[in-house]
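Student: Please see the structure below; I have some questions.
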Amino acid sequence: MTVTPLASGLSSEAIREIWFGHVRLKVHPTGHADDACGAGKGAKDSVAGLSQQLYRSSPLIGSMPSLALPGHTPASSVQNSSHLSREIVVCSVQLRDDRRTASCIALPPGVECLTIDRESFNQLIGDLNELRNKDYGDRARGAQRVSSDLQAQSSAISKEFENITLHDLELVATLGVGGFGRVELVQLTHDKNRTYALKCMKKKHIVDTRQQEHVFSEKTIMLEAKTPFVVRLYKTFKDRKYVYMLMELCLGGELWTILRDKSCFDDLTARFCVGCVLEAFHYLHSKGIIYRDLKPENLLVDSEGFIKLVDFGFAKKIGVGRKTWTFCGTPEYVSPEVILNKGHDHSADYWSLGILMYELLTGTPPFTGADPMKTYNIILKGIDAIEFPKKISRTASLLIKKLCRDNPAERLGYGKNGIIDIKKNKWFQGFDWDGLINRTIIPPIVPKVKGPADFSNFDSYPLDKDIPPDETSGWDHDF
Ligand SMILES: Nc1ncnc2c1ncn2[C@@H]1O[C@H](COP(=O)(O)OP(=O)(O)O)[C@@H](O)[C@H]1O
Ligand SMILES: [Mg+2]
């Protein structure tokens, strides 16, 4: 039996998987059942007329790139290499100082034992007594009261929408267009002051691109996400041609549009935006949900100027400490481990947070190529190969570099304190986190919104003349 220090026998990102109580860890050798292809938002790209500076590729899912870079295993060969298909079993864990013994019988072809020294254990997970006795501040924050408030609010919301049907909704204007269909501003016929966003997705398109599972996941996760930093989903509908999601309306428009008009943000504005995203991620990650499609187009500004995450088409509930392998995201924002099909977890969201910071402060993401393949090649060369413009302050560039580490386990936020480590970073020094959570701070950009149906902060879109065919296979039975 060989005993190998864990650090050399197994990539450190896997340590978390084992030590967080998953007794068995299988390194995934192949693609996954939820892989699919064909999501895109080409319609938006062509209709909205993107400026060159803020051009963005369409989101991708399931198509694995084949890259040949020095020092990197091409994704296709990762998929085929059977030696990677190994199983790791945690046999015995010595958590206290007293000596413990255990007998293990190894069967052919043999066992490789991996160990982790106490210092690394403490750094990644922390001292167990410390964890056990730690005050998480629940009492101070009145967590109980907040959660019962939320429950009450939530059941009031369900009642409010109980009797609303598609026939009660009147179309006002289009807010966004994508490969899936459109997002419309709608109002209640009997109360025009009550306005919402209605995402209408063509069922035929969903089935053709094998996105059924993702659409269900989008619905389930958004229904579950009850935080001010994520757009609320109130109700879903379906008919022969579409599935619909009735959502909270954000009339301030996309952060992307504001960034396009301003070219770039100052530190204060960027810090506020990233702060809102951090709160959203904190909430989602604590529920074992990873987001996977961060970019300014998916950040909406509400009428007071607070920012909310929308578009959960690529979000996935993987559970805390678990990994997934689906290749998805928007090329400029995908992390190296996604490109290399090594498996990814919530740390891929931290990577994208670094990319977002860079884009907000400069107007363009750090890794951009003429096509997705070129972008992936540049991403794999790492953040240190990028020359940061002077307008990015030193503290900001240090934080970006800490978030965009090639090794997911080295990214800020991956340690035992999680996202708190990012919130405590010097770039956020003096930021009023309580004021953000309680909405008592004044947002840096307060949009002009003249009424509940004012869509002037959105680009304009022509009418959709394409009527999709019926799709009646029944996959959406539970939608
Ligand atoms: N709740 C909402 N309020 C206002 N605008 C919205 C809302 N949801 C979506 N939109 C608009 O529609 C666009 C597309 O919606 P999104 O859910 O991101 O679809 P896609 O999956 O095609 O990217 C968004 O970028 C935004 O401009
Ligand atoms: Mg989107």
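Student: Could you tell me how many of the residues in the range 279-301 are touching a Leu at 6+ places or on another chain (Cβ under 9 Å), open to solvent by 10 Å² or more (accessible area, probe 1.4 Å) and more than 16 Å from ligand 2 (Cβ to nearest atom)?
Tutor: Of the residues in that region, 1 qualify.
Student: So, one more: Need the failing condition index for Asp267 against (1) in contact (Cβ under 8 Å) with a residue 24 or more places away in the chain; (2) over 20 Å from Val446 (Cα atoms); (3) more than 16 Å from ligand 2 (Cβ to nearest atom), just the number.
Tutor: If we test Asp267 against (1) in contact (Cβ under 8 Å) with a residue 24 or more places away in the chain; (2) over 20 Å from Val446 (Cα atoms); (3) more than 16 Å from ligand 2 (Cβ to nearest atom), just (2) comes out false.
Student: Just to be sure before I move on: is Phe229 away from ligand 2 (no atom under 16 Å from the Cβ), of a type in the set (A, V, I, L, M, F, W, C) and not assigned by the TED database to the domain that holds Glu359 in the structure I sent?
Tutor: Spelling it out, Phe229 is indeed away from ligand 2 (no atom under 16 Å from the Cβ), of a type in the set (A, V, I, L, M, F, W, C) and not assigned by the TED database to the domain that holds Glu359.
For (1) modelled with pLDDT under 95; (2) within 16 Å of ligand 1 (Cβ to nearest atom); (3) not in a helix (DSSP H, G or I), each residue gets a yes or a no:
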{"residue": "Ser147", "(1), (2), (3)": "yes, no, no"}
{"residue": "Ala152", "(1), (2), (3)": "yes, no, no"}
{"residue": "Ser155", "(1), (2), (3)": "yes, no, no"}
{"residue": "His167", "(1), (2), (3)": "no, no, no"}
{"residue": "Gly176", "(1), (2), (3)": "no, yes, yes"}
{"residue": "Gln187", "(1), (2), (3)": "no, yes, yes"}
{"residue": "His214", "(1), (2), (3)": "yes, yes, no"}
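Student: Just to be sure, is Val274 more than 15 Å from ligand 2 (Cβ to nearest atom), out of contact with any strand residue (DSSP E or B) (no Cβ under 6 Å at 6 or more places or on another chain) and open to solvent by less than 10 Å² (accessible area, probe 1.4 Å)?
Tutor: yes
Student: Please return the ranges of helices (runs of 4 or more DSSP H) entirely within the range 254-343 where 3 or more residues are within 13 Å of ligand 1 (Cβ to nearest atom).
Tutor: Of the helices (runs of 4 or more DSSP H) lying wholly inside the range 254-343, those with at least 3 residues that are within 13 Å of ligand 1 (Cβ to nearest atom) span 255-262.
Student: Let me ask something additional. Restricting attention to the range 302-335, which residues are within 12 Å of ligand 2 (Cβ to nearest atom) and out of contact with any helix residue (DSSP H, G or I) (no Cβ under 8 Å at 6 or more places or on another chain)?
Tutor: Thr330
Student: While we're here: Could you count how many residues in the range 216-248 are charged (D, E, K, R) and either assigned to a helix (DSSP H, G or I) or within 17 Å of Asn298 (Cα to Cα) (or both)?
Tutor: Number of matching residues: 5.
Student: While we're on this one: Pairs only if they're at least six apart or on different chains, beta carbon under 7 angstrom, first in the range 378-397 and assigned by the TED database to the domain that holds Leu361, second among the small types (Gly, Ala, Ser); list them, first residue then second.
Tutor: Ile378/Gly369; Phe388/Ser397
Student: Okay, next question. Would you mind stating whether Asp434 is surrounded by fewer than 12 Cβ atoms within 10 Å (Cβ to Cβ) and part of a helix (DSSP H, G or I)?
Tutor: yes
Student: Another question, then. Any chance you could count how many residues in the range 390-409 are surrounded by 14 or more Cβ atoms within 10 Å (Cβ to Cβ), of a type outside the set (A, V, I, L, M, F, W, C) and part of a loop (DSSP other than H, G, I, E, B)?
Tutor: Here the count works out to 3.
The values are calculated or read from the model by the stated rules, or taken from the named source; none is laboratory data. Quantities reported herein were computed from a predicted structural model and do not represent experimental measurements. Neighbour counts run over all protein chains shown; Cβ positions are idealised from the backbone, glycine included. Keep in mind that these areas ignore ligands, DNA and RNA; they rest on the heavy atoms of the full protein, side chains included. Shrake-Rupley method; radii C 1.70, N 1.55, O 1.52, S 1.80 Å.
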